[in-house]
Amino acid sequence: MKIISVPLKENKYEIYLGKGILEKFTLLCKKHSLPKRKFFVVDENVFNLHKEYLHTFLFDEKKDSLYKFPAGEKSKSFKQISELHKVMLENKFGRDTLVVTVGGGVTGDAAGFAASIFMRGIPVVHIPTTLLAAVDSSVGGKTGINFNNTKNIIGSFYQPKFVLIDTNFFSSLPEKEITCGLGEIIKYAYLTGQNFYEEVFLAFNYFYQKDFSKTEKLIANSIHVKAEVVSSDEKETGLRKILNFGHTFAHAFESELHFKIKHGEAVIAGIICALYLSREKGFITEEQLKKFLYLPKQIALPSSLKKLNKEKLFQVMLSDKKNRDGKIKFVLLKNIGEILLDVEAEKTEVFNSFERMFKTI
């Protein structure tokens, strides 16, 4: 079992990663002196796929409180938060209750947000069951929901007591979910350095073969990258912005496709756009562009992206929460490990990036 620390000034915590470590959950709760009363919020698909495993090592349905969380991005809504709070009130849960989220990013984001505002905050533990949630959303304390067709526009920074990542859950992931996780891992490859980039490139096929014994180190390194960035900038006022590489584009794609595209797929398309925009701005050469595009181009993306309207995408991007003074702020690339923050771009440059991405996929 690997242990990765998130050394925040306040609310520091640990991430536990390994195969078959779900059985350590109760022991870890005792180690961290967490409440004995627990409210398990479990993605309904995860429950159906891993019911026996969950019953054996995590909860007893006859004794523990369990809520089967509806799968899908539509559940990141006020309606679903209200449903969770209604159940919590009916069960007379309080600050002596631990919320345990079991599922992908949707479950963790929404249930984490519900925990953060219930009685002004009750403790939460995340057990991510997708590769994407493991390397991204479960790390860093971002919680939230979508509103008015805008991604993650309402939420809070709320750190978990710990995160437990059991790679056994990844064995049931469909190919699209592997792609989603790879989207974020590829992002970290651009953010860190040439060695990490090459390691991701060499391990690419192992992810799809679900040989997590050969990819666990890369997963751990990805988590470590995010943990380091988060610990230096918890509330995203500076350095943490680098984690948005490709995401300004990605969130617009998700909104315009009414969240019918997977987040990781949108991120990969967003990274491709960010690379093209980096070229448009003259930060990288055409030769560098070809080299940097090689990794994301290995992943097949949905053809629905090609049908998007550039003007509508641009208007969605204008409402991005990272913008300042009505200007879109981009995270762009100068080289592997060399990131540029808060870059502004002309509308024509952004449109050219869209157009080149459409042709690339």
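Miscellaneous remarks
- Once the mean of 1/r is taken over each pair of separate Cα atoms and inverted, the chain shows a Kirkwood hydrodynamic radius of 20.7 Å.
- The range 215-282 versus the range 2-42: alpha-carbon centroid distance in Å: 26
- Scalar couplings 3J(HN,Hα) for the range 354-360, obtained by applying the Karplus form with A = 6.51, B = -1.76, C = 1.60 to θ = phi - 60°, are 4, 4, 5, 5, 4, 6, 5 Hz; x denotes Gly and Pro.
- Relative contact order of the chain, pairs being alpha-carbon contacts under 8 Å that are 6 or more residues apart, as %: 15
- Dimensions of the range 1-74 from C-alpha coordinates, computed as largest minus smallest value along each principal axis and given longest first, are 36, 30, 25 Å.
- Ordering 144, 160, 75 by Cα displacement along the dipole of the range 2-172 toward the positive end leaves 160 in first place; charges were set at the Cβ atoms of Lys, Arg (+1) and Asp, Glu (-1).
- Choice from 208, 158, 294 with maximal GNM fluctuation in the chain (Cα, 10 Å cutoff): 294
- Most mobile of 255, 213, 116 in a GNM of the chain (Cα contacts under 10 Å): 213
- Expressed in Å, the radius of gyration and Dmax of the Cα atoms of the range 298-346 are 13.7, 37.
- Residue order, fewest to most beta carbons within 10 Å, for 357, 317, 119: 119, 317, 357
- With 5 Å bins from 0: P(r) over the range 46-140, alpha-carbon pairs, percent: 2, 13, 24, 26, 22, 11, 2
- Cut-off under 5 Å, modelled amide H: who pairs with residue 37 long-range: 98
- Dipole magnitude for the chain: computed about the Cα centre from +1 point charges on Lys and Arg Cβ and -1 point charges on Asp and Glu Cβ, it is near 560 debye.
- Kirkwood analysis of the Cα pair distances in the range 132-203 returns a hydrodynamic radius of 14.3 Å.
- Order of 279, 37 - criterion: other Cβ atoms within 10 Å of each residue's Cβ, fewest first: 37, 279
- Listed pairs 176/260; 260/312; 51/217; 151/281; 214/290 exceeding 24 Å between Cα atoms: 51/217; 151/281; 214/290
- Radius, Kirkwood style, for the range 142-263 when every pair of distinct Cα atoms is counted (Å): 16.0
- Looking at the range 273-358, the pairs of alpha carbons with a distance over 16 Å make up 56% of the total.
- Here the Karplus curve 6.51 cos²θ - 1.76 cosθ + 1.60, taken at θ = phi - 60°, turns the phi angles of the range 284-292 into couplings of 10, 8, 5, 5, 4, 4, 4, 5, 6 Hz, with x standing for Gly and Pro.
- The fraction of Cα-Cα pairs per 5 angstrom bin, counted from 0 for the range 2-172, comes to 2, 9, 20, 24, 23, 15, 7, 1, 0 percent, rounded to whole percents.
Read the figures in this text as sums done on the coordinates, not as results from a lab. Quick caveat: nothing in here was measured; it's all calculated off a predicted structure. Backbone-built Cβ (ideal geometry, glycine too); neighbour counts: all protein chains shown.
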